[in-house]
1. What's the extension gain from L140 to E192 if we count 0.36 nm per residue and subtract their Cα-Cα distance?
2. For E53, what accessible area in Å² do you get when you roll a 1.4 Å probe over the heavy atoms of the protein chains, rounding to the nearest 10?
3. Any idea of the accessible area per residue across the stretch 29-76, 1.4 Å probe, to the nearest Å²?
4. If I take the Cα coordinates of the stretch 41-100 and project them onto the principal axes, what are the three extents in Å, biggest first?
5. Once R0 is set to 30 Å, what does the formula 1/(1 + (r/R0)^6) return for the Cβ-Cβ distance between I118 and E154, expressed as a FRET efficiency to the nearest 0.05?
6. Starting from the Cα of K304, step 7 Å along the direction of its Cβ; do the same at T275; then give the gap between the two resulting points in nm.
7. Which entries in the list K114/K158; K87/K304; K87/K268; K114/K164; K95/K202; K164/K202 go over 20 Å, if you measure between the two C-alpha atoms of each?
8. Gain in length, R89 to K102, computed as 0.36 nm per residue apart minus the alpha-carbon separation, to one decimal in nm?
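The values are calculated or read from the model by the stated rules, or taken from the named source; none is laboratory data. The shown structure was predicted, so the numbers you read here are calculated from the model rather than taken from an experiment. Heads up, the Cβs are rebuilt from the backbone with ideal geometry, glycines too, and the neighbour counts pull from every protein chain shown. Side chains included, ligands, DNA and RNA excluded: accessible areas come from the protein's heavy atoms. Shrake-Rupley method; radii C 1.70, N 1.55, O 1.52, S 1.80 Å.
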Amino acid sequence: MGIIVLAIIMAILRYSAPEVGGKRISRRAFRRRAMAIGLTKNQARLLVSFMKEVQQPASLLANTRELNRVLAEALRDCSDAENPMVKNRQLEIYKIKQHIDKVFVDRGNVTSSKQLRINQKITFQQEDGKRFSSWITANLKEFYCVRVPKELEEKSTKWRRGSKIRHFILSIDGEEVVFESKVLGYTNIMREPSIILGHTAKENRSLLRKHRRRAISGHVAIYLVRIVEKRRKQVLSSNNLAGTLIDLSPGGCSISSRNPLDLGELVKLVFEYKTGESVVVFGEIVNTRAIDRTRSIAHVMFTKASVEDMNLINSYVYNLG
């Protein structure tokens, strides 16, 4: 009798083991594969704990919809948001997504404007952060055409020939794929006023930011931070400067402001990413550029934030929960 029970237990263990690439694999082997792509030991163990409801665990080691579904479910299970251990678990879940996002960022995604499809939705972005929705009207060997945004149909507001404009599409995993194309002229495609653009490869995301970013628009209060030499104490300015958020990522953000900010300036930012959800972060100005005589754009790299606020930022950027 004991031998029969032992045989049943061994069979259960064998056939309940996860599969990767169609082959049975132990949890230990899965952890090794997870760590081989750069996940930490704790993150690998956490990912293993999510495998029981996944038929193909290999999907958890790539940027797939199955990974998003499993991580979203894991975040919903972390219901006690006031518990510090739960907050840290939520942050680790987002870090898993961030890392796999970076490892597999270019796989299966559009890398050239020649791959854009007719009627595919795109979004133009101006220097001041304003965005206009449009769609592809034609795509030929030498150039492609995009419907002129309805907000810019008047000739006085159109982009000049020879100028470069940025637009983006959403990739299969929700990432913004950015293109910068040269304006060749204007035409009509099936009675739709269209702008003719020269083909280009997508921008290298590593030049833009290490983390995924997402467009956002909202007020941000900017406090300048001064370092007092005695005891290296940080002192906040009493008055805050007004700005507008353009985009947001777990690593930083872009801000449009009428108040010039200096390169290397330390700042405290307070903003709402949605009604009733205030976020406080500290950061450093790593790049600035003027967009006209009165406004400039500053790129901020985050240097300090609470676990709770980082979870709020991640929640907005990755939209898993």
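1. Details: separation 52, 0.36 × 52 = 18.72 nm, distance 1.65 nm.
Full extension of this stretch gives 17.1 nm more.
2. Accessible area of E53: about 110 Å².
3. Values: 2560 Å² over 48 residues.
Per-residue value: 53 Å².
4. Answer, in whole Å and largest first: 33, 20, 17 Å.
5. Numbers: r = 25 Å, r/R0 = 0.85.
The formula returns an efficiency of 0.75 here.
6. 3.3 nm
7. On the way: K114/K158 23 Å; K87/K304 16 Å; K87/K268 22 Å; K114/K164 17 Å; K95/K202 25 Å; K164/K202 14 Å.
Long pairs (Cα-Cα over 20 Å): K114/K158; K87/K268; K95/K202.
8. Working: separation 13, 0.36 × 13 = 4.68 nm, distance 2.02 nm.
Difference between extended and current length: 2.7 nm.
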